[in-house]
Amino acid sequence: MSFASLGLSAPILEAVAKQGYKTPSPIQAQAIPAILEGKDVMAAAQTGTGKTAGFTLPLLEKLSGGQSARSHHIRALILTPTRELAAQVGDNVAKYSKNLPINSAVVFGGVKANPQINRLRQGADVLVATPGRLMDLHSQNAVKFRDVEILVLDEADRMLDMGFIRDIRKILALLPKQRQNLLFSATFSDDIRALAKGLVNNPVEIDVNPRNQAAPTVKQWICPVDQKKKANLLTKLLNERSWKQVLVFTKTKHGANRLATHLESRGISSAAIHGNKSQGARTKALANFKSGEVRVLVATDIAARGLDIEQLPQVVNFELPHVAEDYVHRIGRTGRAGCVGEAISLVCADEFGDLIAIERLTKQILDREIIEGFEPSINLPVSRLDTRPLSKPKTAKKPNANGEKRTFSNSKPSARRKATPRSDDAPRSEGAKPARKPRPATDAKPARRTPQRNRKPAATTAN
Ligand code: AMP
């Protein structure tokens, strides 16, 4: 199948060819014809599937036939949860519309509103926006919605997670009733379906997500280690292995800052990216990481969501996520488009419950390697994919290992752990209200967690 066969015109095909895309990805093959036909679409697709071009190309095709936007008006609105994703989608729109008489703009919080207000005076055929800033601009009459023909909700599940539902509903109420709606989400949860009910009409449903699986080209393994030794272990791994560009996930913003500072102090160029950083700092950190100036980018889940970094070779989970699905999202940042990648998780005994949840979800036991000098003082129990009760972690009589690689193919039982809601990385300036109560901080003072059946979820920080 070719892009031409999907019904796209020459200027768009030229822009696509310029990007080096030869064949449409599955989401593109399914979404582009449906959108061109004017249908509403509900698509389950994650970052990395080519979803942005999947909705942008047909959207541009449709807009290119009409009149340019009037002053302050917009014709297509793309809502995204994070500033980074808004900037990234905005870049894509600009690239794909290069040969078309279409202008686009991007607005998000954390930066001055005035330049955005000035830009919107001209009107924009396509506006990419985060919900909070869009509402602010609308309340100042900087943007008018009367001409909106197409609405895209990108990463709708994350928008709900980040507490944007009220802003989204307000925006929906302000849009013209007659319009085309495109809803993209990593998953179709009940909440997403409830949102979709009042949004999409008789939609074409598309699902291209592999079910909770990482790309087969990603080598996954874990390193059992005590929590307090993780920073030094990561430093050792970075020094000894030729990892050039590493995305590291921490559970909390403080943890991200602390780790980036630790690595810097050991001569490893690092930057942290999370919701407490100014937009300027976030943009700079990402640009420096992409260019190779910064070797390690330490990120929280939500800040990293939607980041598209070509051929990222290495992902490190400094802490496992509380929600097993986030593990799949995290390691999905590597091994894209058939490239080889590696995902390493530093796991302490307290994280055993999280590990089991991940292994169950991904239906695999992760290989283990204990690094010499970093043998855990409390053994990480071996895991297995059945449902027998958990064994208690035992204190090691002797430090485990002589530094040689130890791979456990199988193990002890597991427990069903109730997922603790993820915390909110939503920038405050965007007026987001957390959908769920953020948990109190652990990264300042880790809660003691014993991996055992039915234990209560540990407290953590609002991220
Ligand atoms: P997305 O899922 O939209 O974030 O896209 C992920 C990456 O895939 C981006 O770097 C795109 O430039 C790239 N991409 C999108 N469509 C194609 C395609 N048809 N062929 C090759 N790469 C693509």
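The values are calculated or read from the model by the stated rules, or taken from the named source; none is laboratory data. Because the structure is predicted, anything quoted here is derived from the model rather than measured. Note: ideal-geometry Cβ built from the backbone for every residue, glycine included; neighbour counts use all protein chains shown.
Keeping to the stretch 146-167, report how many residues are modelled with pLDDT of 95 or more and buried (at least 16 other Cβ atoms within 10 Å of the Cβ).
Of the residues in the stretch 146-167, 8 are modelled with pLDDT of 95 or more and buried (at least 16 other Cβ atoms within 10 Å of the Cβ).
Check the stretch 183-202 and report whether any residue there is among the β-branched types (Val, Ile, Thr) and either at pLDDT 90 or above or more than 26 Å from Leu134 (Cβ to Cβ) (or both).
For the stretch 183-202, residues among the β-branched types (Val, Ile, Thr) and either at pLDDT 90 or above or more than 26 Å from Leu134 (Cβ to Cβ) (or both): present.
What is the residue count in the stretch 33-77 for residues that are among the aliphatic types (A, V, I, L, M), touching a Pro at 6+ places or on another chain (Cβ under 8 Å) and not in a helix (DSSP H, G or I)?
Residues flagged as among the aliphatic types (A, V, I, L, M), touching a Pro at 6+ places or on another chain (Cβ under 8 Å) and not in a helix (DSSP H, G or I) within the stretch 33-77 amount to 2.
Of the conditions (1) in contact with a Phe, Trp or Tyr (Cβ under 6 Å, 6 or more places away or on another chain); (2) without any contact (Cβ under 8 Å) to a residue 40 or more places away in the chain, Asp91 fails just one. Which one is it?
Result: Asp91 passes all but (1).
Got at least one residue in the stretch 122-131 being farther than 19 Å from Val93 by Cα and either among the hydroxyl-bearing types (Ser, Thr, Tyr) or surrounded by fewer than 23 Cβ atoms within 10 Å (Cβ to Cβ) (or both)?
no
Find the residue count for the stretch 25-36, including only residues that are under 21 Å from the mean Cα position of the chain (by Cα) and surrounded by fewer than 24 Cβ atoms within 10 Å (Cβ to Cβ).
The number of residues fulfilling the criteria is 2.
For the stretch 73-81, state whether one or more residues are farther than 17 Å from Asp147 by Cα and either within 25 Å of the chain's Cα centre (by Cα) or surrounded by 23 or more Cβ atoms within 10 Å (Cβ to Cβ) (or both).
Checked against the condition, which is being farther than 17 Å from Asp147 by Cα and either within 25 Å of the chain's Cα centre (by Cα) or surrounded by 23 or more Cβ atoms within 10 Å (Cβ to Cβ) (or both), the stretch 73-81 yields at least one hit.
So which of Gly90, Gly54, Gly66 is more than 28 Å from Lys284 (Cβ to Cβ), out of contact with any Asp or Glu (no Cβ under 8 Å at 6 or more places or on another chain) and not hydroxyl-bearing (Ser, Thr, Tyr)?
Just a single option satisfies the conditions, and that option is Gly54.
If a residue must be out of contact with any Phe, Trp or Tyr (no Cβ under 6 Å at 6 or more places or on another chain) and either in contact (Cβ under 8 Å) with a residue 60 or more places away in the chain or more than 23 Å from Arg333 (Cα to Cα) (or both), how many such residues does the stretch 250-260 contain?
Count: 6.
Out of Lys39, Lys22, report the one residue that is modelled with pLDDT of 95 or more, surrounded by fewer than 20 Cβ atoms within 10 Å (Cβ to Cβ) and farther than 30 Å from Lys284 by Cα.
Lys39
Give the residue that is modelled with the lowest pLDDT, with candidates limited to residues of the stretch 203-222 that are within 20 Å of Leu312 (Cα to Cα) and part of a strand (DSSP E or B).
Looking at the filtered set, the residue picked out is Val218.
Of all residues in the stretch 57-71, which are farther than 16 Å from Thr23 by Cα and surrounded by 19 or more Cβ atoms within 10 Å (Cβ to Cβ)?
Once the filter is applied, which keeps residues that are farther than 16 Å from Thr23 by Cα and surrounded by 19 or more Cβ atoms within 10 Å (Cβ to Cβ), the stretch 57-71 yields Leu59, Leu60, Glu61, Leu63, Ala69.
Take the stretch 1-37 and flag every residue that is closer than 15 Å to Leu60 by Cβ and either away from the ligand (no atom under 15 Å from the Cβ) or β-branched (Val, Ile, Thr) (or both).
Within the stretch 1-37, Gly7, Ser9, Ala10, Pro11, Ile12, Val16, Ile32, Ile35, Leu36 qualify.
Can you tell me how many residues in the stretch 298-331 are modelled with pLDDT of 75 or more and more than 14 Å from Ile273 (Cα to Cα)?
Residues that pass the stated criteria total 20.
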